[in-house]
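As structure tokens, the structure follows; a few thoughts come after it.
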There are 2 protein chains.
Amino acid sequence: MPDLHPDLAPIAQLVGTWRGSGTGSYPTIEDFAYREEVTFGHVGKPFLAYGQKTRDAGTDLPLHAETGYWRLIEGRDVEVVLAHPTGIVELLLGTFDDGVFDLGSSAVVGTPTAKSVTEIRRRFEVSGDELRYELAMAAVGKPLTHHLSATLHRVTVD
Amino acid sequence: MPDLHPDLAPIAQLVGTWRGSGTGSYPTIEDFAYREEVTFGHVGKPFLAYGQKTRDAGTDLPLHAETGYWRLIEGRDVEVVLAHPTGIVELLLGTFDDGVFDLGSSAVVGTPTAKSVTEIRRRFEVSGDELRYELAMAAVGKPLTHHLSATLHRVTVD
């Protein structure tokens, strides 16, 4: 395993695997509960490789997934690029300060068969071995609305 | 392991891990040679999870990576969403016919620190245990120009 790239030192605490649970809601769907696993990996270059998978808390069937990369610029500016299996790509910009990532979409683009998503906002807060996040989105004609809230705990450092 | 989603049956041969080597060129850089590993996974839903990593053929240091999802619509239309650690998201549309994926970007969007990429074309051809691809791109002010060519072979089916 190579050393972490120095650009990533301020967010080194993300590296590893995190597991936990969350709840989701949106005006167009039934409320739901899920289990989640998130991994942040690195190869010595100035980005973290991010992967996320969720499963239904009741049936254990796979729900959502997303994959991409996080970059930290000059210790404060954050750039995140993500792909979703629903046919959406998401580009998030924002800041990292005192354990909090405050991120908003600069672009959300979908394939012809993807549902319309026009804006996504994500707030992550990392504190020791706990990672919490909230996600709001404007989708299928609705304005920016709370969608997801979850709390994860570190299970490995790697 | 769940059964493959029936929408993916025409491209079931992609599922697994592929390894091989390729060469790269572009008007703005030195020619280079690389080793590559590609994985196509699934969870029973109508998409393939795609991951790609390359290493310098000489030094074995990590070069590029990309991650995302592939979908097949009605047996012929292909939608691919990708994220790159260089701060780029890529949305490809095209067709699958007789083992050939012919794909062109409908959107390429970058973060403020990403290099400018305005168009990407990819052609994949799968035949038995061999997967070949070519990639051309318009980047950093150059017109659409050949960039990558590689040949991989299946190492696992999973």
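Readers should treat all values here as calculations from the given coordinates under stated rules, not as data from a laboratory. Predicted model, so just to flag it, every value in this text is computed and none were measured. When we count neighbours, we look across all protein chains shown, and the Cβ atoms used for this are built from the backbone with ideal geometry, even at glycine.
Per-structure values
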quantity: Sites A:Arg132 and B:Thr95 - FRET efficiency at Förster radius 30 Å, r taken between beta-carbons, to 0.05; calculated: 0.10
quantity: Inter-copy label distances at B:Gly128 (7 Å, Cα→Cβ; nm, one decimal); calculated: 5.9
quantity: Solution diffusion estimate, µm²/s, Stokes-Einstein, segment B:85-158, Kirkwood Rh from C-alpha pairs, 37 °C, viscosity 0.692 mPa s; calculated: 242 µm²/s
quantity: Estimated FRET transfer efficiency (A:Leu61, B:Arg19; beta-carbon r; R0 45 Å; 0.05); calculated: 0.90
quantity: Rel. contact order, % - alpha carbon contacts under 8 angstrom, at least six apart, chain A; calculated: 20 percent
quantity: Vicinal HN-Hα couplings computed from phi for segment A:54-66 (Karplus, 6.51 cos²θ - 1.76 cosθ + 1.60; Hz; Gly/Pro x); calculated: 10, 10, 4, 5, x, 8, 6, 6, x, 9, 9, 8, 7
quantity: GluC sites (Glu not before Pro) lying in DSSP loop within segment B:45-86, provided at most 13 other Cβ fall within 10 Å; calculated: B:Glu74
quantity: Segment A:1-67-segment A:118-139 distance, computed between alpha-carbon centres (Å); calculated: 11 Å
quantity: Principal axis dimensions, largest first and in whole angstrom, of the protein assembly as shown by Cα; calculated: 44, 44, 35
quantity: Percent RCO, i.e. relative contact order, over segment A:102-158, from Cα pairs under 8 Å lying at least 6 residues apart; calculated: 27 percent
quantity: Segment A:6-156 - Debye-derived log10 I(q)/I(0), Cα point model, q = 0.15, 0.17, 0.18, 0.20 Å⁻¹; calculated: -0.78, -1.02, -1.15, -1.43
quantity: Spin-label pair B:Asp77/A:Ala33, simplified geometry with 7 Å Cα→Cβ offset, distance in nm; calculated: 3.9 nm
quantity: For A:Ser149, inter-copy label distances in nm, listed shortest first [label point 7 Å out on the Cα-Cβ vector]; calculated: 5.6
quantity: Integer Hz, Karplus 6.51/-1.76/1.60 couplings in order for segment A:106-116, x for Gly and Pro; calculated: 8, 7, 9, 10, x, 6, x, 9, 6, 5, 6
quantity: For A:Gly104, label point 7 Å along C-beta direction: distances to other copies, nm; calculated: 3.5
